[in-house]
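The values are calculated or read from the model by the stated rules, or taken from the named source; none is laboratory data. Remember, predicted model here, so these are calculated numbers, not experimental data. Every residue, glycine as well, gets a Cβ built from its backbone with ideal geometry; the counts of neighbours run over all protein chains shown. Protein only, heavy atoms only, side chains kept; ligands, DNA and RNA dropped before computing areas. Shrake-Rupley method; radii C 1.70, N 1.55, O 1.52, S 1.80 Å.
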Amino acid sequence: MSRMLLRDDQWARIERLLPGRTGGGGRAGGNDRLFIEAVLWIARTGSPWRDLPVEFGYWNTVYTRFARWSERDCWQSIFSVLREEADFEEVYLDSTVVRAHQHAAGAAKKKGEQALGRSRGGLTTKIHVCVEGLGQAARFLLTGGHCHDVTQAEALLKDLQPGAVLADKAYDANALIARIQERNAKVVIPSKSNRKEPREIDAFQYRNRNVIERFFARIKQFRRIATRYDKLASRFASFFAIVASFEWLK
């Protein structure tokens, strides 16, 4: 179990970023570090909340606090601070499709869009990510699995001033390329086969795009990311935010 817990230096970096205690009584309710480690354990193993080891405290206390932090965007706030170390000399755009477990369906419509859609893999969620030069997530968005990658590209790049943008052919769209060029950034996106006048790209630099593929491989070691079990998109986004934050702490 120790491989899923925080080192002292990792804890020192995030302790100051945590909000005030919002949980109830119990071990995890009053111990911030134990609470964070409990959520990491769930994220890593993909286990149901009820299977949380008793060493972390009563499962419902931990879950309730996790849910409250999700509603207050606490996990995203921690991620936002840690990503301030990002290197935007190069950024990489891509997405990964996550199959949704049957338990992920059925959220009440009044709770809003739940980022679920039908695709070739069945009921899925797509995680759109902008990864910076150090190989860590700088921004992410959730959509249904049927959503095309290029539709989320401008939102991922919003307010960023990268030196170069690397992506695969799915992002070869005139509007996006124009937006990138307006930022005075280098476009490293191969042309689609049906483009009448293919653009030249820096093939040597394009090899660096494997940075985002390695990022996806790392985060999917967390089984709660590799498969979506959460009915609410906000809960799944919170798990992604804490895993992405953990990656920044390595």
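Restricting attention to the range 31-51 and to residues that are farther than 14 Å from Phe239 by Cβ and either outside any helix (DSSP H, G or I) or not aliphatic (A, V, I, L, M) (or both), the residue that is most open to solvent (accessible area, probe 1.4 Å) turns out to be Arg50.
For the range 208-222, a residue qualifies if it is over 17 Å from Asp172 (Cα atoms) and outside any loop (DSSP other than H, G, I, E, B), and the qualifying residues are Asn208, Asn210, Val211, Ile212, Glu213, Arg214, Phe215, Phe216, Ala217, Arg218, Ile219.
Beta carbons closer than 8 Å, at least 6 apart along the sequence or on distinct chains, pair a first residue in the range 138-150 that is open to solvent by 30 Å² or more (accessible area, probe 1.4 Å) with a second that is small (Gly, Ala, Ser) and assigned to a loop (DSSP other than H, G, I, E, B) for Leu142/Ala115; Val150/Ala173.
Residues in the range 207-217 that are without any contact (Cβ under 8 Å) to a residue 24 or more places away in the chain and open to solvent by less than 70 Å² (accessible area, probe 1.4 Å) were compared, and the one that is nearest to Val150 (Cα to Cα) is Asn210. Being part of a helix (DSSP H, G or I), farther than 28 Å from Trp248 by Cα and at pLDDT below 90 is a description that does not apply to Lys196. Consider the range 52-84 and keep the residues that are among the basic types (Lys, Arg) and part of a helix (DSSP H, G or I). The one that is surrounded by the most Cβ atoms within 10 Å (Cβ to Cβ) is Arg65.
Looking only at residues in the range 114-137 that are more than 18 Å from Glu89 (Cα to Cα) and in contact with a helix residue (DSSP H, G or I) (Cβ under 9 Å, 6 or more places away or on another chain), the one that is surrounded by the most Cβ atoms within 10 Å (Cβ to Cβ) is Thr125. Scanning the range 224-241 for residues that are assigned to a helix (DSSP H, G or I) and either among the small types (Gly, Ala, Ser) or open to solvent by less than 10 Å² (accessible area, probe 1.4 Å) (or both) returns Ile225, Ala226, Ala233, Ser234, Phe236, Ala237, Ser238, Phe239, Phe240, Ala241. Counting the residues of the range 179-206 that are farther than 21 Å from Leu160 by Cα and surrounded by 11 or more Cβ atoms within 10 Å (Cβ to Cβ) gives 8.
All of Ser95, Ser77 fail the test of being under 17 Å from the mean Cα position of the chain (by Cα), modelled with pLDDT of 95 or more, of a type in the set (S, T, N, Q) and under 23 Å from Leu123 (Cβ atoms), apart from Ser95. Kindly list, by first and then second residue, each pair from a residue in the range 6-20 that is assigned to a loop (DSSP other than H, G, I, E, B) to a residue that is open to solvent by 30 Å² or more (accessible area, probe 1.4 Å), limited to pairs with Cβ atoms under 6 Å and residues at least 6 apart or on different chains. Close Cβ pairs satisfying both conditions: Leu17/Val81; Leu18/Asp32.
Within the option set Ala115, Ala107, being part of a loop (DSSP other than H, G, I, E, B), closer than 21 Å to Phe236 by Cα and either touching a strand residue (DSSP E or B) at 6+ places or on another chain (Cβ under 6 Å) or at pLDDT 95 or above (or both) holds for one residue only, Ala115.
This table checks each residue for (1) assigned to a loop (DSSP other than H, G, I, E, B); (2) touching a helix residue (DSSP H, G or I) at 6+ places or on another chain (Cβ under 7 Å).
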{"residue": "Val150", "(1), (2)": "no, yes"}
{"residue": "Ala170", "(1), (2)": "no, yes"}
{"residue": "Asn184", "(1), (2)": "yes, no"}
{"residue": "Phe204", "(1), (2)": "no, no"}
